[in-house]
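Enquirer: This is the structure I want to talk about, given as structure tokens.
The values are calculated or read from the model by the stated rules, or taken from the named source; none is laboratory data. In this text the structure is predicted, and so the values were computed from the model without any measurement. Positions of Cβ are backbone-derived with ideal geometry, glycine not excepted, and every protein chain shown enters the neighbour counts.
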């Protein structure tokens with residue numbers, strides 16, 4: 001674990017879901033690639049934007065942690081592809097931003113049917129340890145599937161609350177890098193953000209944690225070679241850890 005870990009122990013923890021608690025990020029990235037590469041193959045695509053969507057760098061930079069619409073708009077705009085916004089009921093396709101987002105959702109659902117999502121091996125251990133220490137935890141996700149996926153992974157009983165894309169739509173909460181979803185989760189835990197740790201693997205999520213005034217912003221770098229650490233630090237992570245058990249042992253077990 002790298003970075004600053006001094007100061008009072010956090011009284012609560014808010015964790016991102018995809019890539020932190022459950023191993024769904026590769027499925028999301030592959031689904032985005034299906035949707036975006038179809039747009040990049042269009043004959044009308046501007047010259048110089050043909051490089052296919054990269055499931056590592058492009059995923060982290062443009063779509064990880066964002067709502068489907070915001071992620072689609074961010075990537076397409078970066079490639080110089082300007083589509084009309086469209087309507088929420090647009091069918092999967094490539095004619096509008098919402099159609100591209102719908103194609104991503106369609107591809108993700110297809111992937112889920114073929115490959116169920118599971119929890120990371122360290123997630124249950126870390127959440128169980130925090131629960132035994134009396135540290136309440138919440139999960140946050142921009143995805144509307146988060147509650148079902150967390151329950152299927154067997155983590156729901158270890159969390160006080162889950163805030164997901166359904167809550168964002170119902171309450172009109174903006175997605176990352178706005179901190180609204182994280183702040184909503186901290187409110188449910190009954191602990192001020194300044195006394196709460198935020199754990200994120202997405203750059204947009206780290207920025208949101210910093211903007212939201214969380215007392216400890218933790219970057220989670222699960223990459224085998226640690227190549228995401230520098231980027232997480234650059235966005236404001238106080239410390240970076242390779243897994244959740246290292247985080248819990250490094251903070252609560254060693255100092256509690």
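Enquirer: Within region 145-172, which residues are part of a loop (DSSP other than H, G, I, E, B) and either under 16 Å from residue 14 (Cβ atoms) or out of contact with any strand residue (DSSP E or B) (no Cβ under 7 Å at 6 or more places or on another chain) (or both)?
Expert: If the condition is that a residue be part of a loop (DSSP other than H, G, I, E, B) and either under 16 Å from residue 14 (Cβ atoms) or out of contact with any strand residue (DSSP E or B) (no Cβ under 7 Å at 6 or more places or on another chain) (or both), then 145, 155, 159, 160, 164, 172 are the ones that fit.
Enquirer: Checking residue 252 against (1) at pLDDT below 90; (2) surrounded by fewer than 17 Cβ atoms within 10 Å (Cβ to Cβ), which test does it fail?
Expert: Result: residue 252 passes all but (2).
Enquirer: Can you name every residue in region 202-215 that is modelled with pLDDT of 95 or more and within 17 Å of the chain's Cα centre (by Cα)?
Expert: 206, 207, 208, 209, 210, 211, 212, 214
Enquirer: Given the options 135, 218, name the one that is crowded, with 21+ Cβ neighbours inside 10 Å and in a loop (DSSP other than H, G, I, E, B).
Expert: After ruling out the rest, the residue left standing is 135.
Enquirer: Do we find a residue being in a loop (DSSP other than H, G, I, E, B) and touching a helix residue (DSSP H, G or I) at 6+ places or on another chain (Cβ under 8 Å) anywhere in region 70-78?
Expert: No; the residues of region 70-78 include none that is in a loop (DSSP other than H, G, I, E, B) and touching a helix residue (DSSP H, G or I) at 6+ places or on another chain (Cβ under 8 Å).
Enquirer: Oh, and also: So which residues in region 238-249 are out of contact with any helix residue (DSSP H, G or I) (no Cβ under 7 Å at 6 or more places or on another chain), at pLDDT 95 or above and farther than 17 Å from residue 7 by Cβ, if there are any at all?
Expert: Those that are out of contact with any helix residue (DSSP H, G or I) (no Cβ under 7 Å at 6 or more places or on another chain), at pLDDT 95 or above and farther than 17 Å from residue 7 by Cβ: 242, 246.
Enquirer: Consider residue 210 carefully, then state whether it is touching a strand residue (DSSP E or B) at 6+ places or on another chain (Cβ under 8 Å) and surrounded by fewer than 19 Cβ atoms within 10 Å (Cβ to Cβ).
Expert: For residue 210, the condition - touching a strand residue (DSSP E or B) at 6+ places or on another chain (Cβ under 8 Å) and surrounded by fewer than 19 Cβ atoms within 10 Å (Cβ to Cβ) - is met.
Enquirer: Within the group 67, 5, which residue is under 21 Å from residue 200 (Cα atoms), modelled with pLDDT under 90 and in contact with a strand residue (DSSP E or B) (Cβ under 6 Å, 6 or more places away or on another chain)?
Expert: The match here is 5.
Enquirer: Oh, and also: Please specify each residue of region 105-132 satisfying the condition of being assigned to a helix (DSSP H, G or I) and over 30 Å from residue 89 (Cβ atoms).
Expert: Listed by number, the residues that qualify are 121, 122, 123, 124, 125, 126, 127, 128, 129, 130, 131, 132.
Enquirer: Tell me yes or no: at least one residue of region 110-127 is over 30 Å from residue 253 (Cα atoms), surrounded by 21 or more Cβ atoms within 10 Å (Cβ to Cβ), in contact (Cβ under 8 Å) with a residue 60 or more places away in the chain and in contact with a helix residue (DSSP H, G or I) (Cβ under 9 Å, 6 or more places away or on another chain). Write out each step before concluding.
Expert: Start the filter on region 110-127 by keeping residues that are over 30 Å from residue 253 (Cα atoms), which leaves 110-116.
The next check asks that each one be surrounded by 21 or more Cβ atoms within 10 Å (Cβ to Cβ); those that pass are none.
Scanning region 110-127 turns up no residue that is over 30 Å from residue 253 (Cα atoms), surrounded by 21 or more Cβ atoms within 10 Å (Cβ to Cβ), in contact (Cβ under 8 Å) with a residue 60 or more places away in the chain and in contact with a helix residue (DSSP H, G or I) (Cβ under 9 Å, 6 or more places away or on another chain).
This table checks each residue for (1) closer than 30 Å to residue 162 by Cα; (2) surrounded by fewer than 17 Cβ atoms within 10 Å (Cβ to Cβ); (3) touching a helix residue (DSSP H, G or I) at 6+ places or on another chain (Cβ under 8 Å).
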position	(1), (2), (3)
26	yes, yes, no
32	yes, no, yes
38	no, yes, yes
57	yes, yes, no
61	yes, yes, yes
81	no, no, yes
86	yes, no, yes
94	no, no, yes
108	yes, no, yes
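Enquirer: For residue 175, which of the numbered conditions (1) buried (at least 17 other Cβ atoms within 10 Å of the Cβ); (2) in a helix (DSSP H, G or I); (3) at pLDDT below 95; (4) within 18 Å of the chain's Cα centre (by Cα) fails to hold?
Expert: Exception for residue 175: condition (2).
Enquirer: Something else now. In region 128-144, what count of residues is obtained for those that are within 17 Å of residue 16 (Cα to Cα), out of contact with any strand residue (DSSP E or B) (no Cβ under 8 Å at 6 or more places or on another chain) and in contact (Cβ under 8 Å) with a residue 60 or more places away in the chain?
Expert: 1
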